[in-house]
1. Could you list the residues of the stretch 7-21 with an amide nitrogen less than 15 Å from a label point located 7 Å from the Cα of residue 158 in the Cα-to-C-beta direction?
2. Given contacts defined as C-alpha pairs under 8 Å and at least six residues apart, what's the relative contact order of the chain, whole-number percent?
3. Can you give the extra length, in nm with one decimal, that the chain gains between residue 55 and residue 303 once fully stretched, where that is 0.36 nm per residue apart less the Cα-Cα distance?
4. Per the helix-only calculation at 222 nm, which mean residue ellipticity applies to the chain, given -39500 (n - 2.57) for every DSSP H run of n ≥ 4 and division by its residues, nearest 500 deg cm²/dmol?
5. Defining a contact as two alpha carbons under 8 Å apart and six or more residues distant in sequence, what relative contact order in percent does the stretch 119-217 show?
6. Could you give the distance between the Cα centres of the stretch 82-141 and the stretch 144-168, to the whole Å?
7. Starting from the Kirkwood radius over alpha-carbon pairs of the stretch 28-75, derive D by Stokes-Einstein at 37 °C in a medium of 0.692 mPa s and give it in µm² s⁻¹.
8. Of the beta bridges DSSP finds with both residues in the chain, what % are antiparallel, to the nearest 5?
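We did not get these values from a lab; they are worked out from the coordinates using the rules stated. The shown structure was predicted, so the numbers you read here are calculated from the model rather than taken from an experiment. Positions of Cβ are backbone-derived with ideal geometry, glycine not excepted, and every protein chain shown enters the neighbour counts.
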Ligand code: TXA
Ligand code: MG
């Protein structure tokens, strides 16, 4: 298939393509999405094929205007409007009871639908031109890191989709927070199914007692309903291991000598050993910057053929720092590394 590569001026062209049934990759503030008309089941089915995605993993629908919520959601759980007022447009996906008109292909047979309004000018213009909610997962091949710039989006999807819209590098660099209403006796309130740039502190600050703080641990049944949490995710070709301070890499001299790269904060300390001056290190001023660049680094370091990457991970309870992106970053690193830390060979 010939893929049209559109610059940001092509947003309305991209919108009319989607409206006519095409698959279009588009930028958002989090990661690039692989979009189809949410009310066209045939186009939506093609998303799974283009990604190589398991059919049991539901898609997020993207809108540009609050009035579109009623096309998708049957009713709004308590606090839903408070969340839309506070965080839309922005990196928060709300899981809402779905209308019957929303196809099972979009929701993987669940009775809920994920809805989000992205905070990106080209995305909003594209969605306005589409004139329909756009179902879109991240635009990576299944299991791989999400594309967070135009080159990565082209790498993943050129020749698999009708068009790719260039919106530059993504601001956040990690996927949106996914929140769902839970109505079980032990957990009545909003819970986080996937952490992102909108943090638990953010949700708590507007929801108060409509927010369940540690539901992720307690409510296994709801987590089981977010099938995305079951599949392997965010993996580069290189093996990933986490560390918190550079001195932990003392135990990894063999890997370092074999050319493993290091991705860390400026303040992580000096990586022990010689490295022969040819070791690749990428350093960032803070977690927000590291999060923004993580998937770009994965992609570029893969292209360089490094055998592995040591990535500095936030300590488990530092989620409240630096806008709270640390919790989302730790979540992605736990998956990318399968929980492996430096020194545990
Ligand atoms: O930032 C983002 O959310 C990006 C951009 C493109 O918007 N999209 C994205 O989509 O990351 P995807 O498909 O890669 O991840 C969606 C996550 C999955 O873990 C999925 O299981 C969950 O949201 N999800 C979607 N609909 C759901 C539903 N009805 N109930 C529970 N979980 C749902
Ligand atoms: Mg994804």
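1. So the set is 7.
2. Working: 780 pairs, mean separation 67.1, N = 345.
Here the relative contact order equals 19 percent.
3. Numbers: separation 248, 0.36 × 248 = 89.28 nm, distance 2.93 nm.
Computed gain between residue 55 and residue 303 is 86.4 nm.
4. Values: 13 runs with 105 residues, N = 345.
For the chain, the value works out to -8000 deg cm²/dmol.
5. Details: 105 pairs, mean separation 16.8, N = 99.
Reported as a whole number, the value is 17 percent.
6. Their Cα centres are 19 Å away from one another.
7. Working: Rh = 12.3 Å.
My calculation gives 267 µm²/s for D.
8. Counting DSSP beta bridges with both partners in the chain, the antiparallel share is about 45 percent.
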